[in-house]
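Okay, so here's the structure we're looking at.
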Amino acid sequence: MWRFLFILFIIGCTNNPNIVRDFVVDHEFPIEEIKEVELLHTENGQIKAKIIANTIKRFTDKQPQLIFSDNLVVTFYTDSSVIQSILKAENAFVYEQKKIMIASDSVVLEGNNNRLETEELIWDEKSNMIYTNKEIRITTDKEVVFGKGFKSNTDFSEYTISKIHGTFNFDSE
């Protein structure tokens, strides 16, 4: 009886190369997946950014090439290695050839006593600018400003807001 079942099992197992090829083609797998990562981005030997992520997936033939998921923290530094701002998000996508990172889902940027909240924020490494066309909320020591569209340097010291639709001053005079 066991021999009969064994023979039936062997006959039933086939390796159809077309099925395997179709499965692999339909699913693009990362060349590597890294858990609990800390990366340093440097220029000319000076740290520019530190990236802490729970999961990173790297791809070679697909854009974006890096996918960060399950929480991400990017700390931006000045030329003298002082923290200038901190970016937090649930997810991010890095387009290495364009040198652009798109942070998404519960994005918070803190720096220069300001706090920006949005659902998407783009860091353009070439221009060293951070921007979005999405709804934003900026909280300072004195006010809360709402808008749609934002552009800033990475230290969050100079920024512009498009389509401002609310500002509230906390000073009681």
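The values are calculated or read from the model by the stated rules, or taken from the named source; none is laboratory data. Nothing here was measured: the structure is a model prediction, and the numbers come from that model. All Cβ positions, even for glycine, are placed from backbone atoms using ideal geometry, and neighbour counts span all protein chains on display. In case anyone asks, the SASA skips ligands and DNA or RNA and just uses the protein heavy atoms, side chains included. Shrake-Rupley method; radii C 1.70, N 1.55, O 1.52, S 1.80 Å.
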request  = Roll a 1.4 Å probe over the protein heavy atoms and report the accessible area of Arg115 in Å², nearest 10.
outcome  = 80
query = So how far apart, in nm, are the two label points at Lys62 and Asp105 if each is 7 Å from Cα heading toward Cβ?
reply = 1.6
inquiry  = Placing unit charges on C-beta atoms (Lys and Arg positive, Asp and Glu negative, everything else neutral), compute the dipole magnitude of segment 115-162 about its Cα centre in debye, rounded to 20.
reply    = 120
ask   = Over segment 60-173, what percent of the accessible surface lies on carbon and sulfur atoms, probe 1.4 Å?
value = 46
request  = Working with all protein chains in place, sort Lys50, Lys35 by solvent-accessible area computed with a 1.4 Å probe, largest first.
outcome  = Lys35, Lys50
17 Å tail of the calculated P(r), segment 61-100, as % of Cα pairs = 45
request  = Would you work out which of Gly149, Ile86, Ala53 lies farthest towards the positive end of the dipole of segment 40-173? Charges go on Cβ: Lys and Arg +1, Asp and Glu -1.
outcome  = Ala53
query = Each label point is 7 Å from the Cα along the Cα-to-Cβ direction; what then is the distance between the points at Asn44 and Lys142, in nm?
reply = 3.6
task = Run the 1.4 Å probe and let me know the accessible area of Asp79, rounded to the nearest 10 Å².
result = 100
